[in-house]
Amino acid sequence: MSLPLEDLFNDVIGKSMRGHSLSEVEVAAKAGVSAETIAAAKGGEVDDAVLAKIAPVLGLDAASLITMARNGWMPDVVNLPGLAQFNTTYHDMTVNAYLVWDEQTKNAIAFDTGADAQPMIDFIQQNGLKLSQIYITHTHPDHILDLAKLSGEGAVPTFVHAKESCAGAKTFSLEEKPSWKVGGLQIEPRSTWGHSKGGITYVVSGLAKTVAIVGDALFSSSMGGGMVSFAEALATNRKEIFSLADETVICPGHGPLTTVGEEKAHNPFYPEFKA
């Protein structure tokens, strides 16, 4: 499955402005352009020279932002045995959920439910898999909407960080240094809060490549926006996601699959990784 990018370049500008609590007038003064120019960029007008001036004010990488504005890059399509992405419609957007499974034991693990878990349930049945556990990245409604159906009204154990408890899920604390093993798969939770108060990235090893299910912490060419703390969203992504090997597959809550290496090279929010 190949999905379009979740955000446009002007979404990135808007998220960064909100995150840094900067108005159009303030950005204009720092960038040496007019407030009307900033408004035009936020509205989707592409002007390379303007974007090059705005980017450093907002802590963004100028070249990546311009490439994004010109629709100049998409992550490579990822095909990894033992990993499936499910994309369902939620109001005016779509949301991702994931299934990872052990080829030998056929034990499967779900990450989030999406708006409708039926495609995942059908896939499990058609491929002779057994859903052993469910993990929640964060409890925003689009990610847990169909938990009761996916879990069989609680028959399948479900786990969520204690800071974001929800009905039908057992809570865990990172202070306990939890990890889980399902067949040949190992699951390690990492704190990537900022978009939500208890956001978790689950690092799964045991497939041909390491997989990181990141929820809304990070998108291809963007990030979730730091609804709780923009600074912590940036910092925890750097610490817990960008520290993984470049070939690690990133499974975001919205938009296409990507890799750590590709986001280092192309995500405007992380200029420090650019050559």
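No lab work stands behind these numbers, since they all come straight from the coordinates. It should be emphasised that the depicted structure is a prediction, and the values quoted were computed from it without experimental measurement. Cβ placement follows ideal geometry from the backbone for every residue including glycine, while neighbour counts extend to all protein chains displayed.
Okay, here's what the table says:
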quantity: Net length gained if the chain between residue 21 and residue 197 were fully extended (0.36 nm per residue, minus Cα distance); calculated: 61.4 nm
quantity: Cα-based Rg of the chain normalised by 2.2 N^0.38 Å, two decimals; calculated: 1.02
quantity: In degrees, nearest ten, helix 230-240 long axis to first principal axis of the chain (Cα); calculated: 50 degrees
quantity: Sequence-distant residues sharing a close amide H with residue 135 (under 5 Å, placed H); calculated: 110, 111, 112, 159
quantity: Length gained when the stretch residue 275-residue 29 is fully extended (0.36 nm per residue, less Cα-Cα span); calculated: 85.7 nm
quantity: Simple Cβ-charge dipole of the chain, Lys/Arg +1 and Asp/Glu -1, about Cα centre, in debye nearest 20; calculated: 580 debye
quantity: Helix 9-19 vs. the chain, principal-axis angle (Cα, 0 to 90°, nearest 10); calculated: 90 degrees
quantity: Helix-derived mean residue ellipticity, 222 nm - over the chain, DSSP H n ≥ 4, -39500 (n - 2.57), to 500; calculated: -8000 deg cm²/dmol
quantity: For 61, 246, 216, order by how many other beta-carbon atoms lie within 10 Å, fewest first; calculated: 246, 61, 216
quantity: FRET efficiency, 1/(1 + (r/R0)^6) with R0 45 Å, evaluated for residue 46 and residue 170 via beta carbons; calculated: 0.40
quantity: Per-peptide average of other Cβ atoms within 10 Å, ordering 28-34, 95-101, 160-166 highest first; calculated: 95-101, 160-166, 28-34
quantity: Percent of beta bridges antiparallel (DSSP, the chain, rounded to nearest 5); calculated: 65 percent
quantity: In degrees, nearest ten, helix 48-57 long axis to first principal axis of the chain (Cα); calculated: 70 degrees
quantity: Length released on extending from residue 92 to residue 188, taking residue separation times 0.36 nm less the Cα-Cα span; calculated: 31.3 nm
quantity: Residue order, fewest to most beta carbons within 10 Å, for 142, 112, 92, 47; calculated: 92, 47, 142, 112
quantity: Integer Hz, Karplus 6.51/-1.76/1.60 couplings in order for region 210-224, x for Gly and Pro; calculated: 5, 10, 10, 8, 9, x, 9, 5, 8, 10, 5, 6, 7, 7, x
quantity: Virtual spin-label span in nm between residue 80 and residue 177, 7 Å along Cα→Cβ; calculated: 2.5 nm
